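To start, the structure itself, in structure tokens.
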Amino acid sequence: MPKDWSAYTKDADKSSIYIEDDFRNAAYQLLTQQVLYESDRADRVAYQIINGHRHAFREAFDLYGMDLYFDTDYRYCAAIPRLGRRTQLTLAETLLMLVLRKIHHEQTTHGDANNGAATISIDELLEIYRAETGGRDLPRQPGELTALVDSMKRYGILRKTPTPPGDPQPFAIEIRPAIEKLVNENMLTRMSAYQNAQVQALATPVEENTEEGASDETA
């Protein structure tokens, strides 16, 4: 376990490559973003530092109860909590994450993904989301929809991409390859159970007892 990063700031010829703050910044960037992609300009240096010193960063992140995963095909690394994410997702976030993963899986299966990423328009997402969630609608106000999409960006599973000139939609959505790793089968099972419980609660009518003197039963 490294006590500091000084031993990693020089190569075999003892010529400076990175300073210690570069290592600290790389660790902080991965910790806060959860996923770093080499293809993203803002992530590239951090990704390359971590990828080049996997053992040291694995030991460092082990202290946080996190495992590091490296995908050599799509060139990203992810910090995955061993105990599972404790953040409580809203129902809208849960449903959207499930829909996004299904879209990504289907495009990948049919060979429509580009370098591991699936791209979809806002209109397509609205339509698929409604079909997959039994008629529920995503927010249609730009601000509300953007906020929901941005919440998915924080998990490292999508990003907004520019639309062609003249397109009425403000952005398109790129579902990133890390979604297959981060939204794994166990997470899907937990999320589906949460989703089903919420849907059942919303679908179950509340029966009112209007008889005089009626009282609530207790177990």
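The values are calculated or read from the model by the stated rules, or taken from the named source; none is laboratory data. Keep in mind that what you see is a predicted model, and the values were worked out from it rather than measured. Ideal geometry is used to build each Cβ from the backbone, glycine not excepted, and the neighbour counts take in all protein chains shown. Keep in mind that these areas ignore ligands, DNA and RNA; they rest on the heavy atoms of the full protein, side chains included. Shrake-Rupley method; radii C 1.70, N 1.55, O 1.52, S 1.80 Å.
For L148, the criteria (1) over 19 Å from I128 (Cα atoms); (2) surrounded by fewer than 16 Cβ atoms within 10 Å (Cβ to Cβ); (3) at pLDDT 85 or above hold in every case but one, which is (1). Residues that are surrounded by 16 or more Cβ atoms within 10 Å (Cβ to Cβ) and of a type in the set (D, E, K, R) number at least 2 in the following helices (runs of 4 or more DSSP H) confined to region 35-132: 91-109. Residues considered: G116, G135, G111. Of these, the only one that is touching a Phe, Trp or Tyr at 6+ places or on another chain (Cβ under 7 Å) and on the phi > 0 side of the Ramachandran plot is G116.
Residues that are at pLDDT below 75 and either open to solvent by 80 Å² or more (accessible area, probe 1.4 Å) or in a strand (DSSP E or B) (or both) do occur in region 191-201.
Listed by first and then second residue, the pairs linking a residue in region 4-20 that is of a type in the set (A, V, I, L, M) to a residue that is at pLDDT below 80 and not in a loop (DSSP other than H, G, I, E, B), with Cβ atoms under 7 Å apart and 6 or more places separating them unless they lie on different chains, are I17/K10.
Within region 159-170, residues that are over 18 Å from Q141 (Cα atoms) reach partners that are of a type in the set (D, E) and outside any loop (DSSP other than H, G, I, E, B) with beta carbons closer than 8 Å, at six or more positions or on different chains, in the pairs R159/E174; T161/E174. For region 49-64, filtered to residues that are closer than 15 Å to V35 by Cα and not aliphatic (A, V, I, L, M), the residue that is nearest to the chain's Cα centre (by Cα) is F61.
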